[in-house]
Amino acid sequence: MILSIESSCDDSAIAITEIATNKLLFHKKISQELEHSVYGGVVPELAARLHAEALPKILKECEPYFKDLRAVAVTSSPGLAVTLIEGVTMAKAISVALGIPLIGVNHLVGHIYSLFIEKETTFPLTVLLVSGGHTQVMEVNSLSEIKTVAKSMDDSFGESFDKVAKMMGLGYPGGPLIQELAKNGDRKKYDFTIPLQGRQSSLLAFSYSGLKNAVRLAVENSDEEGYADIAASFEHIATMHIIKKLKKYFETSSPKTFAIVGGASANLYLRSHIEELLKPYGAKLLLSELKYCSDNAAMIGRVAVEMYKREMFHSLDDLEIAPRSNI
Ligand code: KG4
Ligand code: ZN
């Protein structure tokens, strides 16, 4: 079995995965959403303190599995430096105490493998990762062949929802709150500009900072009754931006399988538009189970099983945290 730890942002999670079968034997996650909600976003120092409290408690529940562990895995990149270090330090301590190999896992690869929890892997596929930290399109052929073909130049899709929710004083995380509010709004009321169009329409990239600022102006000039229309129009444009860029991608590529992963892949408006987009291309849509869309340790464990089989181990010295991803 492999014990895996996730602490890259505001979720403390530990999983136990059986190597031979990919079976998830244990998974527990303690989210910090409530604690960060009053600040309208994640406060790194508070997140680190909460991980320091939560992780040992979850680890205690894993005691019955300790004797069967063959490796310990942990998210080491990307994420908040002060929170990554909590998981990595715990993993190193377990590795030393039990004399088992250490495996550092990239969180983005984890999100990709959230598609394969308790399943076999299937490649090739093109993956759209939409989370609080990333908006990224990747072509995945195997564990080691992952090519990023488009990513955000500034804010991410999920982050823009968080910021719009904060402007409206709704709380954190903003994604589900804006999605709910948008249900009762007019999607055409505000004519926000779709990012990276015009001269930049051929660019395969994403940008959300301009849209965020346009929404800020609208919020400042509106009373609370107008928020639903702003949320609906924002969600529409944020989604259309992705759809337009994916259309551009499909002009030159024809993946048979397309997947959406990450916390914001729970967005129903985005999901339904991507489903429509894929139809004429005959591409199959792959989604991870809703409970594994947001950050979790099961996806880290699933990657770790593959890394274990390839003996992709790290020593205490070469496993360092890297807040920015190299993917
Ligand atoms: O993958 P995740 O749990 O954490 C990161 O790795 O960032 O994603 C969390 C992000 C947050 O920004 C949250 O607002 C967003 O996913 N999110 C959504 C929805 N549900 C969660 N964004 C838009 N619509 C949603 N329904
Ligand atoms: Zn994530």
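What follows is calculated from the coordinates using simple rules that are stated; it is not laboratory data. Keep in mind that what you see is a predicted model, and the values were worked out from it rather than measured. Here Cβ is always computed from backbone atoms with ideal geometry, including for glycine, and neighbour counts include all displayed protein chains.
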Taking Rh as the Kirkwood radius computed over C-alpha pairs, what is the Stokes-Einstein D of the stretch 125-287 at 20 °C in a medium of viscosity 1.002 mPa s, expressed in µm² per second? 134
The residues ASP10, ASP155, ASP186, ASP191, sorted from fewest to most surrounding Cβ atoms within 10 Å, come out as ASP191, ASP186, ASP155, ASP10
With the cut-off at 1.5 for a/c, could you classify the stretch 1-150 from its C-alpha gyration tensor as rounded, prolate or oblate? oblate
Could you tell me how many degrees, from 0 to 90 and to the nearest 10, lie between the Cα long axis of helix 298-309 and the main elongation axis, the longest principal axis, of the Cα atoms of the chain? 50
I'd like to know which of TYR269, PRO124, ALA71 lies farthest towards the positive end of the charge dipole of the chain, counting +1 on Cβ of Lys and Arg and -1 on Cβ of Asp and Glu. PRO124
When the helices in the chain are scored as -39500 (n - 2.57) per DSSP H run of 4 or longer and the sum is shared across all residues, what 222 nm value do you end up with, to the nearest 500 deg cm²/dmol? -12500 deg cm²/dmol
Between 0 and 90 degrees, rounded to the nearest ten: what's the tilt of helix 209-220 against the longest Cα principal axis of the chain? 60
Fewest first, what order do ARG310, ARG302 take by the number of other Cβ atoms within 10 Å? ARG310, ARG302
Provide TYR269, TYR208, TYR39 in ascending order of the number of other Cβ atoms located within 10 Å of each residue's Cβ, fewest first. TYR39, TYR269, TYR208
Exceeding 29 Å between C-alpha atoms, which entries from my cross-link table qualify? They are LYS60/LYS119; LYS163/LYS247; LYS183/LYS291; LYS23/LYS163; LYS23/LYS151; LYS57/LYS163. LYS23/LYS163; LYS23/LYS151; LYS57/LYS163
With an 8 Å cut-off on Cα pairs and a minimum separation of 6 or more residues, tell me the relative contact order of the stretch 125-287 in percent. 27
Any idea what angle helix 81-98 forms with the longest principal axis of the chain, computed on alpha-carbon atoms, 0 to 90 degrees, nearest 10? 20
